[in-house]
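Here's the structure we're looking at; comments come further down.
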Ligand SMILES: Nc1nc2c(c(=O)[nH]1)N[C@H]1C(S)=C(S)[C@@H](COP(=O)(O)O)O[C@H]1N2
Ligand SMILES: [Mo]
């Protein structure tokens with residue numbers, strides 16, 4: 001009798017903690033599920049000559065170290081309107097494969113591709129962005145992934161050579177062996 005009276009409130013506390021915990025876990029999951037595509041769909045493939053391909057979902061990308069940088073988006077031709085882009089530094093992408101490289105080549109859904117030299121990654125560490133101003137990007141909004149350079153902070157990057165490296169609708173990154 002006595003033990004039951006003690007146990008019940010205790011169970012209630014345990015249950016409350018469990019509910020709070022799963023709500024907290026659910027919250028981080030809900031973030032990715034706001035994306036206009038399934039969070040568990042592969043969005044990025046990274047290949048290298050001497051490494052198995054690495055295939056990542058949005059959820060896996062979001063589990064990686066991220067940073068936010070300010071830049072306008074050259075394609076929209078509105079250099080007055082800056083956005084905050086959140087994504088994975090290309091230096092982190094390179095850590096996924098062990099390949100001596102001279103840089104990477106970024107491939108888009110529309111078959112556009114462009115190389116990014118290793119020097120850019122060292123000097124400017126551009127990101128593969130999966131969010132623009134807090135929103136995931138549909139393919140019709142140049143998503144799901146866009147290479148973004150820190151155009152706001154570095155005026156010297158505002159030129160066509162760099163814009164051509166800001167590949168949108170990214171689906172694949174090839175690490176170019178040295
Ligand atoms: N997916 C994809 N990304 C791309 C391109 C493209 O055609 N497809 N063009 C590149 C070039 S050459 C530039 S200058 C900028 C701006 O593209 P725009 O040709 O649409 O102005 O995006 C770059 N990223
Ligand atoms: Mo361009």
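The values are calculated or read from the model by the stated rules, or taken from the named source; none is laboratory data. Here the structure is a predicted model, which means the values were calculated and not measured. All Cβ positions, even for glycine, are placed from backbone atoms using ideal geometry, and neighbour counts span all protein chains on display.
Just for the range 58-87: of the residues that are within 16 Å of ligand 1 (Cβ to nearest atom) and closer than 14 Å to residue 127 by Cβ, which one is nearest to the chain's Cα centre (by Cα)? Filtering first and then ranking leaves 87.
Restricting 79, 83, 66 to those that are at pLDDT 95 or above, over 30 Å from residue 101 (Cα atoms) and assigned by TED's automatic domain parsing to the domain that holds residue 142 reduces the list to 83.
Taking residue 90, is it buried (at least 17 other Cβ atoms within 10 Å of the Cβ), more than 24 Å from residue 42 (Cβ to Cβ), in the same structural domain as residue 52 (by TED's automatic domain parsing) and within 16 Å of ligand 1 (Cβ to nearest atom)? No, not satisfied.
Only one entry of 116, 121, 104 meets the criterion of being farther than 18 Å from residue 62 by Cα, without any contact (Cβ under 8 Å) to a residue 40 or more places away in the chain and surrounded by 15 or more Cβ atoms within 10 Å (Cβ to Cβ), and that entry is 121.
Against the test of being over 24 Å from residue 53 (Cα atoms) and touching a strand residue (DSSP E or B) at 6+ places or on another chain (Cβ under 7 Å), the options 115, 150 yield a single qualifying residue, 150.
The lone criterion from (1) in contact with a strand residue (DSSP E or B) (Cβ under 7 Å, 6 or more places away or on another chain); (2) farther than 25 Å from residue 163 by Cβ; (3) at pLDDT below 95 left unmet by residue 57 is number (3). Among the residues of the range 120-151, write down those that are within 14 Å of residue 89 (Cα to Cα) and within 12 Å of ligand 1 (Cβ to nearest atom). Result: 145, 146, 147, 148, 149. Counted as qualifying within the range 43-158 are the strands (runs of 3 or more DSSP E) with 1 or more residues that are over 14 Å from residue 175 (Cα atoms), touching a helix residue (DSSP H, G or I) at 6+ places or on another chain (Cβ under 9 Å) and within 16 Å of ligand 2 (Cβ to nearest atom), namely 67-71, 146-148. Within the range 152-170, the set of residues being surrounded by fewer than 18 Cβ atoms within 10 Å (Cβ to Cβ) and either farther than 15 Å from residue 119 by Cβ or near ligand 1 (Cβ under 7 Å from one of its atoms) (or both) comprises 152, 153, 155, 158, 159, 160, 163, 164.
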